[in-house]
Amino acid sequence: MRLVYTLRPYQQEAVQATLKHFRKEKSPAVIVLPTGAGKSLVIAELARLARGRVLVLAHVRELVEQNHQKYQSFGLEAGIFSAGLQRKESHQKVIFGSIQSIARADDDFFKDFSLVVIDECHRVSITGETQYFQVLNKLQANNPEICVLGLTATPYRLGLGWIYNYNVHTKTQSTTEDRFFKKCIYDLTISYMIKNGYLTRPIKIDSPVACYDFSSLKLNGTSFVTTQIEAILKDQMRITPLIIKNIIDMSKDRQGVMIFTSSVNHAIEIMQSLPPYVSALVVGDTESDEREEVIAAFKARELKFLVNVSVLTTGFDAPHVDVIAILRPTESVSLYQQIIGRGLRLSPGKEDCLILDYTGQDHDLYSPEIEDDKPSKESVRVQIPCPECGVVNDFWGLVDQEGEIMEHFGRKCRGAFEDPITHEIEPCGFRFRFKLCDQCGEENDIAARSCSKCAHILVDTDKKLKEAMSLKDAHVLRVDSVVYQKSQDKKGNERLEVRYYDVDAKFLAEYFYLNSSEDAHRFYFNFIRMHNKRPEKKIFIKDVDDALKQKEKFRSPLFVVARKQKYFWSIREKIFE
């Protein structure tokens, strides 16, 4: 039966963004659509519109088959090149293939393609002799003007970070490091999909009754070691039956339950506590026919509980799933989001999806934590507009009980702008936090080793502290608290006194006069610009009383370094991080 399909508004926008990009330039591009957004429809429409031949790549046969079936359901003809599907067709206008099979194809196969679409493109690596590297090299050798488009729900990879350089929509530079994909040309958030009714609402319940303690696990490269996981689970094996009982209780009125486990031994242990006849297990070594039979029974709702080990995170479509139980540690936010995505598709009678997390990990479904570590438990993601370019940055920060931002830890604006003629990316460059050059006063990146203006070597924080502690006339104070107060000098002139106390109540102090515009200017350069919790917001101080009123806007340094000046200590350096 031939279907007539109508693209959703965002799918049409993604298609138009692709056409616009490749008409303008041929740099490899990425479209980001959450799991359940209908990537296969976008692929089908792009393949239909393409004037030349199209190659659609995927890393598993399930995705190859799924994308092909969706394309053919609209009455469109296409071939399949996949050993796993026992088909190696190569002459149709559109070919859906697995990367493993196509990497072994004859050289003649790679001729005449004008567009290559890569599903789950966050898996693409062009370093070394990877299969993607080989295939893309052959395609580009046959057609240097070939258009390469990647689609993914998670545009980042553990150990790498963002898979592209520049986001066209947000006007932000994701990384300056070399990436195969140069631009993200369309980006849709999972929040938008849920809010607009395109995905089911997730209800996350952390550690409903008990949870495993995986806190001692350490990454080995980009993954956890199975033997370490199994050793932890063996020590905590009494918890498993309690967890499974809780899953069964929470799922009484639910349609389909997917349980993600840590290892085959763990999965077998779990199966012993699940009800028979309505539960099944799928692992990497499960025979192909048996796996298809189990999945078909689960989709037909003959099975209620489906346990799996490191499979079914991509290319699996069972919309009725309304419980996701996570009993395995996830190495990355990307994997976590893929797991959750299995339960967010729309289905008749499905109102929400329960997310039962028994790992004790703190991954965020909506906000990927991929670039910088969370500074503290209290830290949350905050939106900070740049005062120079207006781009909204996503930083870690602190908020009060009303949700107002008190402080953020962003260093540099990520805003960047594309030259309309050369297409080169020019970063904004505004620094929220910086390292001052002690020779010329230039603001440098926190991690800079030399001044960008005068090339003076910038001493790192640890070295500064070690040098100061080795000097007889230096005093290094670790700051525990800061006190602001009004005081007077010997002549009775009013001034602001700032005292830095350590845990033993010893202190160092500095003084600022605020009686003129020149005083205010000096106070800004010597104090405000380094202490301001919100650097994007200017602080204007009129006098000492005004400074005391606004003292909550100032952050505290970690260390204060002073040098002896005859009868008193003079603060020379303040170290914030």
Checklist outcome for this item: Residues of the range 8-65 being over 18 Å from P155 (Cα atoms) and small (G, A, S), in sequence order, are A44, A47, A50, G52
Checklist entry - Which of the residues that make up the range 133-154 are at pLDDT 90 or above and open to solvent by less than 20 Å² (accessible area, probe 1.4 Å)? => result V135, L136, L139, I146, C147, V148, L149, G150, L151, T152
Item to check | Long-range neighbours under 7 Å by Cβ, at least six apart or interchain, first residue within 17 Å of A47 (Cα to Cα) within the range 70-90, second of a type in the set (S, T, Y) | outcome: K70/S40; F74/Y5; A78/Y71; G79/S90; F81/S90; F81/S101
Checklist outcome for this item: Within the range 383-408, restricting to residues that are in contact with an Asp or Glu (Cβ under 8 Å, 6 or more places away or on another chain) and surrounded by 19 or more Cβ atoms within 10 Å (Cβ to Cβ), the one that is farthest from T176 (Cα to Cα) is G397
Checklist entry - For the range 61-92, how many residues meet the condition of being outside any loop (DSSP other than H, G, I, E, B) and touching a His at 6+ places or on another chain (Cβ under 8 Å)? => result 2
Checklist entry - Residues of the range 524-577 being part of a strand (DSSP E or B), of a type outside the set (V, I, T) and out of contact with any helix residue (DSSP H, G or I) (no Cβ under 6 Å at 6 or more places or on another chain), which ones? => result N532, F559, A562, R563, K564, Q565, F568, W569, S570, R572, E573, K574
Checklist entry - If you go through the range 424-446 one residue at a time, how many are within 19 Å of T170 (Cα to Cα), open to solvent by less than 80 Å² (accessible area, probe 1.4 Å) and in a strand (DSSP E or B)? => result 3
Checklist outcome for this item: Condition set of a type in the set (V, I, T) and assigned to a strand (DSSP E or B), scope the range 93-114, selection nearest to R48 (Cα to Cα): answer is V94
Item to check | Residues of the range 46-60 satisfying the condition of being part of a helix (DSSP H, G or I) and buried (at least 22 other Cβ atoms within 10 Å of the Cβ) | outcome: L46, A47
Checklist entry - Among the residues of the range 66-92, how many are open to solvent by 60 Å² or more (accessible area, probe 1.4 Å) and either at positive phi or under 29 Å from the mean Cα position of the chain (by Cα) (or both)? => result 1
Next on the checklist: Scan the range 1-8 and tell me whether some residue there is surrounded by 15 or more Cβ atoms within 10 Å (Cβ to Cβ) and in contact with a Pro (Cβ under 7 Å, 6 or more places away or on another chain).
Outcome noted: no
Checklist outcome for this item: Scanning the range 115-132 for residues that are without any contact (Cβ under 8 Å) to a residue 60 or more places away in the chain and in a loop (DSSP other than H, G, I, E, B), the one surrounded by the most Cβ atoms within 10 Å (Cβ to Cβ) turns out to be V124
Checklist entry - Among (1) of a type in the set (A, V, I, L, M, F, W, C); (2) part of a loop (DSSP other than H, G, I, E, B); (3) touching a residue at least 24 places away in the same chain (Cβ under 8 Å), which single condition is I421 missing? => result (3)
Checklist entry - Condition test on E269, is it farther than 19 Å from G343 by Cα and either outside the structural domain of A325 (by the TED database) or free of Cβ contacts under 8 Å to residues at least 12 places away in the same chain (or both)? => result no
Checklist entry - Among the residues of the range 496-511, is any touching a strand residue (DSSP E or B) at 6+ places or on another chain (Cβ under 6 Å), surrounded by fewer than 16 Cβ atoms within 10 Å (Cβ to Cβ), modelled with pLDDT under 90 and not basic (K, R)? => result no
Item to check | Verdict on M250 being at pLDDT below 95 and crowded, with 17+ Cβ neighbours inside 10 Å | outcome: yes
Next on the checklist: So, in the range 283-300, how many residues would count as being surrounded by 14 or more Cβ atoms within 10 Å (Cβ to Cβ), closer than 21 Å to S262 by Cα and out of contact with any strand residue (DSSP E or B) (no Cβ under 6 Å at 6 or more places or on another chain)?
Outcome noted: 3
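The values are calculated or read from the model by the stated rules, or taken from the named source; none is laboratory data. Please read these numbers as outputs of a predicted model, since none were measured by experiment. Using ideal geometry, Cβ is built from the backbone for each residue, glycine included, and neighbour counts are taken over all protein chains shown. We work out accessible area using only protein heavy atoms, side chains counted, and drop any ligands, DNA or RNA first. Shrake-Rupley method; radii C 1.70, N 1.55, O 1.52, S 1.80 Å.
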